[in-house]
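The values are calculated or read from the model by the stated rules, or taken from the named source; none is laboratory data. On a predicted model such as this, the values are computed, not experimentally measured, just so you know. No Cβ is skipped: glycine too gets one built from the backbone with ideal geometry, and neighbour counts run over all protein chains shown.
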Amino acid sequence: MAKRIQFGSTGGPEVLEFVDFEPRQPGPQDIRVRNHAVGVNYIDNYFRSGLYPTPLPSGLGTEAAGVVEAVGSEVDRFKVGDRVAYAGGPLGAYSDLHVLPAAMAVRLPSSISFEQAAAVMLKGLTVQYLLRQTYKVEAGETILFHAAAGGVGSLACQWAAALGVKLIGTVSSPAKAERAKALGAWEVIDYSHEDVAKRVLELTDGKKCPVVYDGVGKDTWETSLDCLQPRGLMVSFGNASGAVSGVNLGILSQKGSLYVTRPTLASYAVPGAVQGMADELFEMIASGKLKVDVSQQYALSDAAKAQTALAARETVGSTILLP
């Protein structure tokens with residue numbers, strides 16, 4: 001019998017339960033992983049709250065790292081004892097044991113710890129597709145990235161700096177501004193007392209940015225559009241403040257024939273591509289260009305506390321659970 005976090009009704013962190021469960025046997029193309037560390041992410045809150053519906057009762061989480069304990073009859077990429085990490089597949093990573101399609105897992109090199117992998121897989125692969133695929137940033141460009149001191153933002157600051165990109169990061173406090181600058185942000189805007197659009201205009205000599213990366217959502221939608229050059233790209237990849245809704249497409253023409261995309265990792269980290277994305281991420285870490293900051297660690301049984309802290313924006317860097 002194993003332990004996991006599950007929820008039988010949607011709501012706040014209080015709906016999470018720490019329960020016994022019997023993991024299913026791996027199907028022909030599945031693997032069963034004994035998790036050594038589990039990642040905590042904003043998207044977990046969306047499932048728990050009901051923003052992203054899922055059949056109940058349900059496990060939670062899609063990111064972890066551990067060791068393969070069993071393989072399906074058709075699996076040839078992995079064997080029992082392999083170190084792996086994953087950031088996709090069915091919900092249920094908040095657990096001792098998790099069964100998922102082998103195609104969703106990646107080989108974890110010995111140079112990357114389980115804790116690092118659990119802290120970086122979803123966020124790191126997100127930054128990889130944002131900066132290297134959704135809009136391939138180039139050295140010398142000036143871009144805007146919201147929540148630059150958060151889990152994704154912390155990695156984006158470093159990755160952009162390594163590519164020679166001038167990243168302007170938005171933050172909510174002087175302490176977070178210092179953190180973003182230390183991680184490689186070119187400039188930082190504290191939106192608690194600064195006008196973001198006005199500062200972007202000043203910092204870019206009136207040119208604005210070719211791309212804005214916005215994981216905040218509702219609260220920053222209009223501001224983000226105001227920071228874009230004509231025909232610039234708005235990349236709305238998260239809903240930390242709530243979902244963007246009721247969008248008038250006419251506003252895109254009014255603000256300069258702008259483009260908007262709402263990407264998700266699931267559309268990029270597909271079988272056949274995810275290992276290559278992960279290899280680039282792991283190389284960035286191994287080379288020292290990307291430092292993984294595991295700032296908060298909780299026991300698996302304290303998942304509700306971890307989610308409460310994350311939702312209250314009390315965290316910096318990454319948060320993990322330890323089974």
Subject >> Selection within region 30-65 - hydroxyl-bearing (Ser, Thr, Tyr) and farther than 22 Å from residue 315 by Cα >> reply: 52, 54, 58
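Before we move on, is residue 139 more than 20 Å from residue 69 (Cβ to Cβ) and buried (at least 24 other Cβ atoms within 10 Å of the Cβ)?
On the way: more than 20 Å from residue 69 (Cβ to Cβ): yes; buried (at least 24 other Cβ atoms within 10 Å of the Cβ): no.
Here the answer is no, as residue 139 does not meet what is asked.
When residues of region 10-67 are filtered for being assigned to a strand (DSSP E or B) and of a type in the set (A, V, I, L, M, F, W, C), how many remain?
We begin by selecting, within region 10-67, every residue assigned to a strand (DSSP E or B); these are 16-21, 30-40, 58-59, 63-67.
Still in the running and of a type in the set (A, V, I, L, M, F, W, C): 16, 18-19, 21, 31, 33, 37-38, 40, 64-65, 67.
Qualifying residue count for the region: 12.
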Original post:
Failed condition for residue 307, given (1) of a type outside the set (Val, Ile, Thr); (2) without any contact (Cβ under 8 Å) to a residue 60 or more places away in the chain; (3) touching a Lys or Arg at 6+ places or on another chain (Cβ under 8 Å), with all others met?
Top reply: (2)
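Scan the helices (runs of 4 or more DSSP H) fully inside region 180-258 and keep the ones with 2 or more residues being charged (D, E, K, R).
Numbers: elements: 196-203, 221-226, 250-254.
In region 180-258, the matching helices (runs of 4 or more DSSP H) lie at 196-203, 221-226.
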Subject >> Qualifying residues in region 279-292 (those that are touching a helix residue (DSSP H, G or I) at 6+ places or on another chain (Cβ under 6 Å) and buried (at least 17 other Cβ atoms within 10 Å of the Cβ)) - the one nearest to residue 39 (Cα to Cα) >> reply: 292
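In contact with a strand residue (DSSP E or B) (Cβ under 9 Å, 6 or more places away or on another chain), within 19 Å of residue 117 (Cα to Cα) and not hydrophobic (A, V, I, L, M, F, W, C), is that true of residue 259? Write out each step before concluding.
Working: in contact with a strand residue (DSSP E or B) (Cβ under 9 Å, 6 or more places away or on another chain): yes; within 19 Å of residue 117 (Cα to Cα): no; not hydrophobic (A, V, I, L, M, F, W, C): yes.
For residue 259, the condition - in contact with a strand residue (DSSP E or B) (Cβ under 9 Å, 6 or more places away or on another chain), within 19 Å of residue 117 (Cα to Cα) and not hydrophobic (A, V, I, L, M, F, W, C) - is not met.
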Original post:
If you scan region 225-281, which residues turn out to be among the polar types (S, T, N, Q) and either within 23 Å of the chain's Cα centre (by Cα) or over 25 Å from residue 207 (Cβ atoms) (or both)?
Top reply: 236, 239, 241, 245, 248, 261, 264, 267, 275
Subject >> Identity of the residue in region 179-220, basic (Lys, Arg) and touching a residue at least 60 places away in the same chain (Cβ under 8 Å), that ends up farthest from residue 138 (Cα to Cα) >> reply: 179
Original post:
Which is part of a helix (DSSP H, G or I), within 16 Å of residue 214 (Cα to Cα) and modelled with pLDDT of 95 or more, of 128, 158?
Top reply: 128
**OP:** Being more than 12 Å from residue 168 (Cβ to Cβ) and among the charged types (D, E, K, R) is the filter here, so list the residues in region 191-206 that pass it.
**Re:** 195, 198, 205
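Identify the residue in region 48-72 that is surrounded by fewer than 20 Cβ atoms within 10 Å (Cβ to Cβ) and either closer than 28 Å to residue 154 by Cα or among the basic types (Lys, Arg) (or both) and, among all such residues, is modelled with the highest pLDDT. Break it down stepwise before answering.
As a first pass, look at region 48-72 and keep what is surrounded by fewer than 20 Cβ atoms within 10 Å (Cβ to Cβ): 49-58, 67, 69-70, 72.
Adding the requirement that they be either closer than 28 Å to residue 154 by Cα or among the basic types (Lys, Arg) (or both) leaves 49-52, 67.
Numbers: 49: 95, 50: 94, 51: 88, 52: 90, 67: 98.
Checked region 48-72; the qualifying residue modelled with the highest pLDDT is 67.
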Subject >> Candidates 182, 175, 156, filtered to the one that is small (Gly, Ala, Ser), out of contact with any Asp or Glu (no Cβ under 9 Å at 6 or more places or on another chain), assigned by TED's automatic domain parsing to the domain that holds residue 239 and under 15 Å from residue 127 (Cα atoms) >> reply: 156
Subject >> Residues satisfying the stated conditions in region 91-125, i.e. farther than 16 Å from residue 274 by Cβ and outside any helix (DSSP H, G or I) >> reply: 91, 92, 94, 95, 96, 97, 98, 99, 110, 111, 113
Original post:
Right, residue 276: assigned to a helix (DSSP H, G or I) and either free of Cβ contacts under 8 Å to residues at least 24 places away in the same chain or buried (at least 17 other Cβ atoms within 10 Å of the Cβ) (or both) or not?
Top reply: yes
